[in-house]
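Some notes on the structure that comes next.
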Ligand SMILES: Cc1cc2nc3c(=O)[nH]c(=O)nc-3n(C[C@H](O)[C@H](O)[C@H](O)COP(=O)(O)OP(=O)(O)OC[C@H]3O[C@@H](n4cnc5c(N)ncnc54)[C@H](O)[C@@H]3O)c2cc1C
């Protein structure tokens, strides 16, 4: 038997960050990932946005989460020789008077003061419809497209990657601190399997609310910017004049495939924003792994403590994953107590209805 401290299922942003911080804590890991092409992390634009929702509230724990993410991504950039985090302005076009008023009510107050400004002059006049004006929010993007494969290579070089589909039926739970999978024996296994986690029978108590997002890749001739442009749709510059344009939300969906309905919906939003023609070059879809209370879902199964979960990153995987993973790794190393707000036990302790 090959022995490791921890098997991790999934190498999206969750499994990537958790395996990294477990290694930093001195644990050995084996990451099993099947390379699903349309995982959330492989389709996401990697946006980091300090404010949430229609009321421009500061994002949960942002003042702790963002500086930690920035340091982590800088360390990993140096190690992997990939530029991971790019700080960018989100050029936020007001889609309605209500949203403009909500923004103005919050601008310059509390922690929003650090992250939001009203621009002196309106940019992008020949490209964007913006009769109600725009604001600037200071955010960024995580270059998931290069970061995740580079980290995968790093794991492979350490012989810490198994690039296969994990079969739950083949998992043997030997004791409270041993599981076996094929030729591997581990003290624990942690599921970082994103939306697939919703079908894990051991964690049926978790109230997952997975939701599907669709995205178009579009070319906008002449528009050159490093800003993210946001109205009812978000445009994120990629390479060579292409923009990621997304994303839709659907709670009921028969499968994970792109649909003509959502393409039409996205195109409508693009046309409400752009004054210029564009060309669609691709159409993608993926499922976001969200819990019902929009908080990460972290910890060990109450009856089978060799089984753990790190999931529920929802729409904010790129900002949440580093600090949450570092914290979980410290909990596993008995250096910190698990934050109650993210503990998976909140689901197991709920009264049954
Ligand atoms: C359209 C869209 C846009 C988004 N935009 C943003 C954004 O701009 N910024 C942001 O922060 N977040 C964004 N998100 C959310 C973000 O993508 C998620 O929060 C994050 O990717 C979740 O990461 P994860 O590692 O938990 O799950 P995933 O990325 O889904 O990773 C799970 C991994 O597990 C693997 N896996 C699953 N089951 C198995 C198995 N049985 N065996 C082996 N491997 C397995 C999969 O291959 C995958 O690699 C977006 C999501 C979507 C869908």
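We did not get these values from a lab; they are worked out from the coordinates using the rules stated. Predicted, not measured: the structure shown is a model, and the values here were computed from it. Don't worry about glycine lacking a Cβ; one is built from the backbone with ideal geometry, like all the others, and counts go over all protein chains shown.
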Label-point separation (nm) for residue 169 and residue 268, each offset 7 Å from Cα along Cα-to-Cβ? 4.4 nm
Taking 0.36 nm per intervening residue step and subtracting the Cα-Cα distance, what contour gain separates residue 5 from residue 239 on full extension? 80.3 nm
How far is the Cα center of the range 204-237 from the Cα center of the range 162-178, in Å? 35 Å
Where the centroid of each part is defined by its Cα atoms, how far is the range 248-267 from the range 60-89 in Å? 31 Å
Just to confirm the number: angle between the C-alpha axis of helix 62-80 and the first principal axis of the chain, 0 to 90 degrees, nearest 10? 70 degrees
Based on DSSP, what percent of beta bridges with both residues in the chain are antiparallel, to the nearest 5? 70 percent
What would the Debye equation give as log₁₀ I(q)/I(0) for the range 9-107 at q = 0.10 Å⁻¹, counting only Cα atoms as equal point scatterers? -0.41
With each pseudo-label sitting 7 Å past Cα toward Cβ, what's the residue 205-residue 81 distance in nm, one decimal? 4.7 nm
Treat the count of other C-beta atoms within 10 Å as a stand-in for reagent exposure and order 187, 230 from fewest to most. 187, 230
Going by C-beta contacts inside 10 Å, put 54, 288, 42, 294 in order with the fewest on the left. 54, 294, 42, 288
Tilt, helix 317-332 to longest principal axis of the chain (alpha-carbon atoms), in degrees rounded to tens, equals 20 degrees
Just the ratio, please: alpha-carbon radius of gyration of the chain over 2.2 N^0.38 Å, N its number of residues. 1.02
The chain: relative contact order as a whole-number percent, Cα under 8 Å and 6+ apart: 24 percent
Roughly what angle does helix 97-106 make with the longest principal axis of the chain, taking Cα atoms, 0 to 90 degrees, to the nearest 10? 60 degrees
Relative exposure of 208, 147, 328, judged by other C-beta atoms within 10 Å (fewest first): 208, 147, 328
